[in-house]
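Step one of this worksheet: look at the structure below.
Each reported figure results from applying straightforward, stated rules to the coordinates on display, with no laboratory input. The structure presented is a predicted model; accordingly, all values stated were derived computationally and were not measured. All Cβ positions, glycine included, derive from the backbone under ideal geometry; neighbour counts span all protein chains shown.
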Amino acid sequence: MKSLTFYRVSVFSAILFVSLSIILLFAPVHMLAGWGVELTTEAGLLAKRIGALYAGIAVMYFMARNAEHSITRTALIYGTVTASLILALLGIYEFAVGHATSGILSAVFIEVVLMLAFLYVGARSK
């Protein structure tokens, strides 16, 4: 799996986060409906604010794509691992208690894959 590098995972993450950003900023109803969550004014407000945050994360990963092994790169890796793990656990919890439909499990799958990819890249750079 030598082709899985920080550069590739960063570029993939930037594309993923900019895609999520666009959806959450301009069409949050599509993502929320897939999870079985109604688009209310409050949910729309939160979705748009999270979309802006994802846009910023996309820029960080795109700009850091060529970063050599460093404390900063390690912080990016483990920050993403932590966020992805928490998001995956929350998705499973919300599905289990009935606050979201099985549509949220696709997001959980992506979060777990992202977490594992960053863990792999982080472990390889030591």
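List pairs: first residue in the range 31-59 and more than 14 Å from residue 19 (Cβ to Cβ), second residue acidic (Asp, Glu) and in a helix (DSSP H, G or I) anywhere in the structure, Cβ distance under 7 angstrom, at least six positions apart or on different chains.
Cβ pairs passing all conditions: none.
Answer yes if at least one residue in the range 110-124 is among the β-branched types (Val, Ile, Thr), outside any helix (DSSP H, G or I) and within 20 Å of residue 20 (Cβ to Cβ), and no otherwise. Write out each step before concluding.
First, pick out the residues of the range 110-124 that are among the β-branched types (Val, Ile, Thr): 110, 112-113, 121.
Filter once more, keeping what is outside any helix (DSSP H, G or I): none.
Among the residues of the range 110-124, not one is among the β-branched types (Val, Ile, Thr), outside any helix (DSSP H, G or I) and within 20 Å of residue 20 (Cβ to Cβ), which makes the answer no.
Evaluate the following for residue 18: is it touching a residue at least 40 places away in the same chain (Cβ under 8 Å) and part of a helix (DSSP H, G or I)?
On the way: touching a residue at least 40 places away in the same chain (Cβ under 8 Å): yes; part of a helix (DSSP H, G or I): yes.
Criteria met by residue 18.
Test residue 80 against the stated conditions and say whether it is of a type outside the set (A, V, I, L, M) and within 26 Å of residue 125 (Cβ to Cβ). Can you show your working first?
Numbers: of a type outside the set (A, V, I, L, M): yes; within 26 Å of residue 125 (Cβ to Cβ): yes.
Considered against the rule, which asks whether it is of a type outside the set (A, V, I, L, M) and within 26 Å of residue 125 (Cβ to Cβ), residue 80 comes out as yes.
Being free of Cβ contacts under 8 Å to residues at least 40 places away in the same chain and either hydrophobic (A, V, I, L, M, F, W, C) or not in a helix (DSSP H, G or I) (or both) is the filter here; which residues of the range 81-101 pass it?
Hits for the range 81-101 are 83, 85, 86, 87, 88, 89, 90, 92, 95, 96, 97, 98.
Please pick out the residue among 43, 33, 52, 47 that is buried (at least 16 other Cβ atoms within 10 Å of the Cβ) and not in a loop (DSSP other than H, G, I, E, B).
Working: 43 fails: buried (at least 16 other Cβ atoms within 10 Å of the Cβ); 33 fails: buried (at least 16 other Cβ atoms within 10 Å of the Cβ); 52 fails: buried (at least 16 other Cβ atoms within 10 Å of the Cβ).
Being buried (at least 16 other Cβ atoms within 10 Å of the Cβ) and not in a loop (DSSP other than H, G, I, E, B) holds for just one of 43, 33, 52, 47, which is 47.
Consider only pairs whose beta carbons are under 8 Å apart and that are at least six residues apart or on different chains; among these, list those whose first residue lies in the range 107-126 and is of a type in the set (Phe, Trp, Tyr) and whose second residue is loosely packed, with under 13 Cβ neighbours inside 10 Å and not in a helix (DSSP H, G or I).
Note: pairs meeting the criteria are 120/1.
I'm trying to understand the selection: among the residues of the range 59-90, which are closer than 23 Å to residue 35 by Cα and of a type outside the set (Val, Ile, Thr)?
We begin by selecting, within the range 59-90, every residue closer than 23 Å to residue 35 by Cα; these are 80-90.
Result: 83, 84, 85, 87, 88, 89, 90.
From the residues in the range 55-74 that are in a helix (DSSP H, G or I) and among the aliphatic types (A, V, I, L, M), which one is farthest from residue 120 (Cα to Cα)?
We begin by selecting, within the range 55-74, every residue in a helix (DSSP H, G or I); these are 55-63, 71-74.
From what's left, among the aliphatic types (A, V, I, L, M): 55, 57-60, 63, 71.
Values: 55: 24, 57: 20, 58: 20, 59: 22, 60: 20, 63: 20, 71: 16 Å.
Per the criteria, the residue is 55.
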